[in-house]
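Some notes on the structure that comes next.
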There are 2 protein chains.
Amino acid sequence: MARPSRSIVKTDAPIVEKMRTLSKPGVASLAQGIVHWAPPDAAIDAAANAARDPSSHAYGADAGLPELRTALAKKLRAKGLVNAEIMVTAGANQAFANVALTLLDAGDACLLFAPYYFNHKMMLDMRGCRVEVAPTDKRLLPTVEATRTVLDGGATCVVVVNPGNPSGAVIPEERLRALAALCGERGAWLVVDNTYEAFVYGAEHVLVEGPHVVNLFSFSKAYGLMGWRVGYVAYDPALGPEFLKAQDTIAICAAQCSQRAALAALEADADGRWTGSRVAALARAQKTHVLRALAPLGGCVGAADGAIYVIAKLPREDDEAVVEWLANKHGVAVIPGSACGLPGHIRVCYANLDEAACEAACARLEEACVELANGGGPPPS
Amino acid sequence: MARPSRSIVKTDAPIVEKMRTLSKPGVASLAQGIVHWAPPDAAIDAAANAARDPSSHAYGADAGLPELRTALAKKLRAKGLVNAEIMVTAGANQAFANVALTLLDAGDACLLFAPYYFNHKMMLDMRGCRVEVAPTDKRLLPTVEATRTVLDGGATCVVVVNPGNPSGAVIPEERLRALAALCGERGAWLVVDNTYEAFVYGAEHVLVEGPHVVNLFSFSKAYGLMGWRVGYVAYDPALGPEFLKAQDTIAICAAQCSQRAALAALEADADGRWTGSRVAALARAQKTHVLRALAPLGGCVGAADGAIYVIAKLPREDDEAVVEWLANKHGVAVIPGSACGLPGHIRVCYANLDEAACEAACARLEEACVELANGGGPPPS
């Protein structure tokens, strides 16, 4: 008996697989999108207590813990989202899977802006959608012009990340509203991934809503709750029955204990100081080190006023070879721009190491950047 | 701005939504597929400890906690699965989502046997597959004949549940091997959902493997870990890179703390006694009560030698109306056969209440069954 012979390969190898081969002992990671801090103590206590609570062993409501949904509704209302139904998911990726299964069909044309979040591309490819990739502008922002062109061509969905992964760019309110209005006029969905909403540096993160707008959120980064797998999605209530189908067939519910941790984290950060102080410290310390390290390459591309990433332009196109060389020769891991539809660039994460470790990694990165700027690096591939 | 106008309705309303409206206070549930017991103490302790362990806050390996995968590989080898790669998922439903995104394309014809697990149908519908539904035999088992017919028609995937949800039927080894051989010959996938493998009464549960066979498993039922969301999937190692894509775009990893609970549960049940004693008690007590209650309808259909469900035939076709009447008039909830492709029947779960509560619910059910057998019930719909 043989494996069914037709090809099942629908998309490129995931970056997680590529990076695994580079993650050797001694390689400092500025690659994976994580934060170096632990969750609020209150979240850990809540989880430890919930572990012994019988309700944690039972399935919860598909849409999420009622108290958590209520708290999230309050939070979103304060940011102007007044008509949203909220569903708690096992992370923002699962929220996007709900969107892909619910709102999209195979063959639908979907717009991503390069540099895009690689998992959005991978999900849409697996879903069988036709992914249209448009370039961002000089600030690495999605443009109204490209959106209009692709919608004119029949696209039914536009996906943006705000603040951007991997662009690090915060979409200004006016631009975001224009994108939402355009999608609304053309009968297309606008999916906004707000995973990094807490990470803004001088810029303001805003939310837009509408019957065609779906907003995704995550507990992973701001609260250091990556391994607990909690995110959420906010959408027009009329979509509720459809989202429920995807939720029940994928997750049933996010882990109950994890939702207790998320609720406690949210409450511990009610005034925004818990995350705010950590984000401000990142900007002062780690981000500064990374920008200094990248200076030989001309620094970062765009404003880099949000999220936990900066994009740098390499003096050559073969970013994957450079990334391997960075790991093997200089002991520092970053993400190749090719994985995000932007060859000739790298994505550097500045949140996954504490300041001392980040500074040490940046010393290696700076040395490598000097070498690259002087025409060095791996042999051309 | 309006919601995009094209229809997004790809499948019937989920049964979870229908049942919610019937779950009023005072209604005893023999509906949802859950068990009445708590997880092993060791699993609860492990989770409470893991809540305070820094590794729980970080993303884990996509494929799962290495120790858990090792323990699962050992368990599966003992059941004859010698060449399987294992991936831990956020429940068996997410494992099926991985399968649907990885191995299937929109338009693929997939075979389900009625009565089918409603969420398999819902996922395949959302995926855009063409679901072919074939009848089971008198014992509610999938048949080789129907499989051959549908594969001759070009189907690329066959999905069975063993022991069956909702059939309660254990697929005999010979039948399962014949299905696997046939799928192998025709280049089709065989997906076997073994969620209820621990629940067998006299029958033997076996596993089959092959490059075209995917086996799904769950921690939810046997170990009472529903709310922790842990399952796993075993497949030919050559499929690993593809499964990794689905995993990373949906779950990234199952909740880390939940995986610690699952590992401890597995270890606490190394000799099978922990689950074995509970399953045996179900057969002695709850299952007996349910069968007695259904006797006025002629008892259950098929052997009912596995899982936690029995199917009963109603003396009328309008099972949805009967289910509403059962809840509203008699205070007992069951699942309508229509939700599983088998109108005129009901699915009764006998694991979700302890013996006393189950006995009380069965007294209500029996009274209703007598009424139905005598031509009573709701007005014909």
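A residue that is within 21 Å of A:ALA95 (Cα to Cα) and in contact with a strand residue (DSSP E or B) (Cβ under 7 Å, 6 or more places away or on another chain) cannot be found anywhere in the range A:20-29.
Among the residues making up the range A:113-153, those that are over 15 Å from A:PHE96 (Cβ atoms) and among the aliphatic types (A, V, I, L, M) are A:ALA114, A:VAL133, A:ALA134, A:LEU140, A:LEU141, A:VAL144, A:ALA146, A:VAL150, A:LEU151.
Condition check ((1) under 15 Å from the mean Cα position of the chain (by Cα); (2) of a type in the set (A, V, I, L, M); (3) outside the structural domain of B:ALA262 (by TED's automatic domain parsing)) across all residues:
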| position | (1), (2), (3) |
| --- | --- |
| B:GLN94 | yes, no, no |
| B:ASP108 | no, no, no |
| B:ALA114 | yes, yes, no |
| B:HIS120 | yes, no, no |
| B:GLY128 | no, no, no |
| B:VAL131 | no, yes, no |
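Go through the residues of the range A:234-251 one by one and say whether even a single one is surrounded by fewer than 21 Cβ atoms within 10 Å (Cβ to Cβ) and touching a Lys or Arg at 6+ places or on another chain (Cβ under 8 Å). Yes: one or more hits.
Every test in (1) farther than 28 Å from B:GLU85 by Cβ; (2) hydrophobic (A, V, I, L, M, F, W, C); (3) not assigned by TED's automatic domain parsing to the domain that holds B:GLY331 is passed by B:ALA31 save one, and that test is (3). Only residues that are under 17 Å from A:ARG229 (Cα atoms) and among the charged types (D, E, K, R): list them for the range B:211-244, please. Selection gives B:ARG229 alone. Candidates are the residues of the range B:81-94 that are facing chain A (nearest Cβ under 10 Å) and among the small types (Gly, Ala, Ser); the one that is surrounded by the fewest Cβ atoms within 10 Å (Cβ to Cβ) is B:ALA92. You will find that of A:VAL35, A:VAL133, A:VAL99, the residue that is in contact with a Gly (Cβ under 7 Å, 6 or more places away or on another chain), touching a residue at least 60 places away in the same chain (Cβ under 8 Å), aliphatic (A, V, I, L, M) and surrounded by 22 or more Cβ atoms within 10 Å (Cβ to Cβ) is A:VAL35 and no other. Any residue at all in the range B:346-358 that is of a type in the set (S, T, N, Q), in contact (Cβ under 8 Å) with a residue 12 or more places away in the chain and assigned by TED's automatic domain parsing to the domain that holds B:VAL206? Taking every residue of the range B:346-358 in turn, none turns out to be of a type in the set (S, T, N, Q), in contact (Cβ under 8 Å) with a residue 12 or more places away in the chain and assigned by TED's automatic domain parsing to the domain that holds B:VAL206.
Conditions (1) at the interface with chain A (Cβ under 10 Å from one of its Cβ atoms); (2) among the polar types (S, T, N, Q), marked per residue:
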{"position": "B:ILE34", "(1), (2)": "yes, no"}
{"position": "B:ALA38", "(1), (2)": "yes, no"}
{"position": "B:ALA46", "(1), (2)": "yes, no"}
{"position": "B:ASN49", "(1), (2)": "yes, yes"}
{"position": "B:ASP53", "(1), (2)": "yes, no"}
{"position": "B:ALA73", "(1), (2)": "no, no"}
{"position": "B:LYS79", "(1), (2)": "no, no"}
{"position": "B:ALA100", "(1), (2)": "yes, no"}
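Conditions (1) surrounded by fewer than 20 Cβ atoms within 10 Å (Cβ to Cβ); (2) of a type in the set (Asp, Glu); (3) modelled with pLDDT of 95 or more; (4) within 23 Å of the chain's Cα centre (by Cα), marked per residue:
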site	(1), (2), (3), (4)
A:PRO336	no, no, yes, yes
A:HIS345	no, no, yes, yes
A:VAL348	no, no, yes, yes
A:ASP354	yes, yes, yes, yes
A:GLU371	yes, yes, yes, no
A:GLY375	yes, no, yes, no
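Checking the structure you have, find out if any residue of the range B:14-31 is free of Cβ contacts under 8 Å to residues at least 60 places away in the same chain and either over 30 Å from B:SER338 (Cβ atoms) or within 7 Å of chain A (Cβ to nearest Cβ) (or both). Don't jump to the end; show me each part of the working.
Step one: filter the range B:14-31 for residues free of Cβ contacts under 8 Å to residues at least 60 places away in the same chain, giving B:16-17, B:20-21, B:25.
Restricting the remaining residues to those that are either over 30 Å from B:SER338 (Cβ atoms) or within 7 Å of chain A (Cβ to nearest Cβ) (or both) gives B:16-17.
There is at least one residue in the range B:14-31 that is free of Cβ contacts under 8 Å to residues at least 60 places away in the same chain and either over 30 Å from B:SER338 (Cβ atoms) or within 7 Å of chain A (Cβ to nearest Cβ) (or both).
The values are calculated or read from the model by the stated rules, or taken from the named source; none is laboratory data. Owing to the predicted nature of the structure, the values given are computational and were not obtained by experimental measurement. Cβ sites come from the backbone with ideal geometry, for glycine too, and all protein chains shown count toward neighbours.
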